[in-house]
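Student: Okay, handing you the structure first.
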Amino acid sequence: MDNNQPIIVKRVKKTAAGHHGGAWKIAFADFATAMMAFFLVMWLMSVATPEQKKLISGYFKDPIGFSESASPFVIDLGGSPTPAPDRTLNQQVDDQTEGEEVEIEPAQPDPAQAEGMAEELERERLELLLQELQNKVEENPQLQRFKDQILFEITQDGLRIQIIDAENRPMFASGSAHLQPYFEDILLALSDTIKAVPNKISISGHTDAKPFAGDGEFGNWELSANRANAARRTLIAGGYDEAQVARVVGYASSALFDRDDPLNPVNRRIDIVVLTKKAQRAIEGEQDGAVDAEADGATAPDVPQPPAAEPAEPDEVRERLNIFEDGLLQFDQPSE
């Protein structure tokens, strides 16, 4: 018997790649949401007032207490927080909290620790000033010629700047307080950097051990003091604030730079010390326990200050300093 049933052939068409899925749709949705949030932020920043921007910035810096009116708690339910009686192991606290509120006083800063931190910050500031002065000496061709006569060091009292005599290049005329022109230029150049810090300065003059020849009414003590004062006048003429000078003193030969050779020219020098606050208080004779207004953040009373002197050119400074030529300094056999 013939089989007349049809033969069905099923052909499967293979594709080049499989199904990718829908992950890209989720990624695109996240990207679209982020872009919408970004444009909303940009729009809000463009329409917000400066006060609103300040409040927003304060919130992100300190979300809990960014303003005085803000609550110190995430959820402000009123009243004062107290520990639950059944959740504390401190029986004393449990007894105190029953029927009364416990006031917690804010922790007081340790005075010794605060003073130590202030001294550390001040030392860092003086070290930065030292680096700035050294860079100025290296970069200034006029100062670079005298870099062997300009010495810097950090001491217990502050940053000390020593300008010393050289054998063939003295700072002052022999036996007088009349500054040599190049020494004036050194002081004027250094004053621009020194006055950038709020610390006061101390200026001292030194001589070698050679006795000053004369009638005994004028000697190395007077000479060293006059030379220190001449350096002070030069700094003031260069624009330094006179109120920032804490002390001007002459040491004669009592503090020699080279003790092995008392007649060495390096013993004739001018010291400028940028004082620390502790050294400044010691010089100004403040009593123990006196509070430093700047260290404690207190506001000093408004006292009218004289206007700062305008910086003068070196030639003008020399002309102005000629009026201080002291006739008492002229002797037949002067000392260096």
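Read the figures in this text as sums done on the coordinates, not as results from a lab. Keep in mind the model is a prediction, meaning the values are calculated, not measured. In this analysis, Cβ positions are derived from the backbone assuming ideal geometry, glycine residues included, and neighbour counts consider all displayed protein chains.
Student: So, by mean Cβ neighbours within 10 angstrom, what's the order for 125-131, 195-201 with the highest one leading? Mind dumping the intermediate values first?
Tutor: Numbers: 125-131: 15.6, 195-201: 17.4.
Taking the mean over residues of other Cβ atoms within 10 Å, the ranking is 195-201, 125-131.
Student: Also: Note down the nm distance, to one decimal, between modelled labels 7 Å out along Cα→Cβ at A23 and at K136.
Tutor: 6.4
Student: Then there is this: Rank these for me by crowding, F38, F152, going from fewest to most other beta carbons within 10 Å.
Tutor: F38, F152
Student: Sticking with this one: Using 0.36 nm per residue, how much length does the chain from V41 to A243 gain when fully extended, once their Cα-Cα distance is taken away? Spell out each step's value before the answer.
Tutor: Values: separation 202, 0.36 × 202 = 72.72 nm, distance 5.16 nm.
Going from the current span to full extension adds 67.6 nm.
Student: Can you tell me, using C-alpha contacts under 8 Å and at least 6 residues apart, the relative contact order of the range 160-237 as a whole percent? List each step's numbers first, then the result.
Tutor: Working: 54 pairs, mean separation 26.1, N = 78.
Reported relative contact order: 33 percent.
Student: Check the straight Cα-Cα distances from K200 and name the lysines below 29 Å, setting aside those fewer than 8 residues away within the same chain.
Tutor: Within reach: K136, K147, K277, K278.
Student: Report the Stokes-Einstein translational diffusion coefficient (µm² s⁻¹, integer) for the range 112-221, Rh taken as the Kirkwood radius over Cα pairs, at 4 °C with viscosity 1.567 mPa s. Please report the intermediate quantities before stating the final value.
Tutor: Details: Rh = 16.2 Å.
D = 80 µm²/s.
Student: Also: Would you pull out the residues with amide H under 5 Å of F172's amide H, same chain only if 5 or more places away, H placed 1.01 Å from N?
Tutor: Those lying under 5 Å, H to H, from F172 are Q180.
Student: Related question: If we sort 255-262, 235-242, 54-61 on the protection proxy, mean other Cβ atoms within 10 Å, highest first, what's the order?
Tutor: Sorting 255-262, 235-242, 54-61 by mean packing, highest first, produces 235-242, 255-262, 54-61.
Student: Using 7 Å Cα-to-Cβ label points, what is the D258/E167 separation (nm, one decimal)?
Tutor: 0.8
Student: I want the local charge near N140. Using Cβ-Cβ distances under 13 Å, sum +1 for each Lys or Arg and -1 for each Asp or Glu among the other residues.
Tutor: Here the count lands on -2.
Student: Give the lysines whose C-alpha is closer than 26 Å to that of K61, dropping any in the same chain fewer than 8 places away, or say none.
Tutor: K53
Student: 5 Å is the cut-off here: which amide hydrogens, built 1.01 Å from N in the peptide plane, fall below it relative to I161, excluding neighbours closer than 5 in sequence?
Tutor: Residues meeting the criterion, in which the H sits 1.01 Å from N, are I272, V273, V274.
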